[in-house]
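The structure appears right after this line, and notes come after that.
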Amino acid sequence: MVLVLAGASRWVVTEVRPDAEPTLSSLAMGCGWAALVSLMLLRRGPARVSLRSSWLGVLAGAMVFAGPAVGALMHARGLDGPGLTMALALTPVAAGIASAALGMGSLDGAAGRIWPGLAAVGGLLLVLAEPSLANGRTDVALLLAPVLTGVGAALFCVRGGATSWRASSALLGGTLVFAVALTVESVMTRTRPAVSLLAMACDGLLALLSIYALQRLGATRWSAQFTLLPLLVVLEGLVLAHQPLTLRWVVGIALLLLASVYLLLPSTEDMEQAVGVVPR
């Protein structure tokens, strides 16, 4: 819940302080300091080191943070965000299917995660501006974002990686994927990256909260944030902007709320993932 509230309030901080807007440089450096903090926390207690687990964590983290990396790249190119928001709402579907494929759940359980994702997309279509899907490369990026994020979340929860080093490795993987994306963007635009300390602090805190929430909740319940965050942002906008509440908005909010509640309900697979009892 702290993760969702922090993420939903990010736009308020950006509204007050425009320099707090996330960029690839702030995401890379923020994820980097979050990895250092995670490593410092490990030094305060016994930690079991596994090379296989560490590499698996790096790969999972790189995939988990692929969605935010795609979002930052799209924002840097001046593309609107509704398409990415709707695409990421399908993350629970990808997480459920990937969990079943990795032996952490049944296909029936994965099928049960499809309708909340579709309900969330339907709700977002009612409350957000209709996205433009005219660019082929953008469409591919929007398709890859939820797939990579969902598969990465499921991979993170595989037993053998559920050691104390998994969070630090995942944050390192996130740092690497943001650094690569930043390098590509800098070369293509021929610009020098600039970083805001406030944006770096916010992005690092959200990255740290995200990984530790994934470690505690499991892939599917963690992915509920991609429906909860838009829901809270919409509700905040209604309250702060005094926007009239139409039937279209009521139905959209109801669909988002229904999808979020269903995804947050713990299943047997989610509880097994959260405590790391599912072998691979």
> What is the packing order of peptides 189-196, 231-238, taking the mean over residues of other C-beta atoms within 10 Å and listing the highest first?
Replying inline: 231-238, 189-196
>> Can you sort 124, 118, 176 from fewest to most other Cβ atoms within 10 Å of each residue's own Cβ?
In response: 118, 176, 124
> For 239, 147, what ranking results if the residue with the fewest other Cβ atoms within 10 Å of its Cβ goes first?
Replying inline: 239, 147
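Each value in this text was obtained by applying a stated rule to the coordinates, not by laboratory testing. Because the structure is a prediction, the values reported are computed rather than measured. Because the Cβ atoms are built from the backbone with ideal geometry, glycine has one as well, and the counts that use them run over all protein chains shown.
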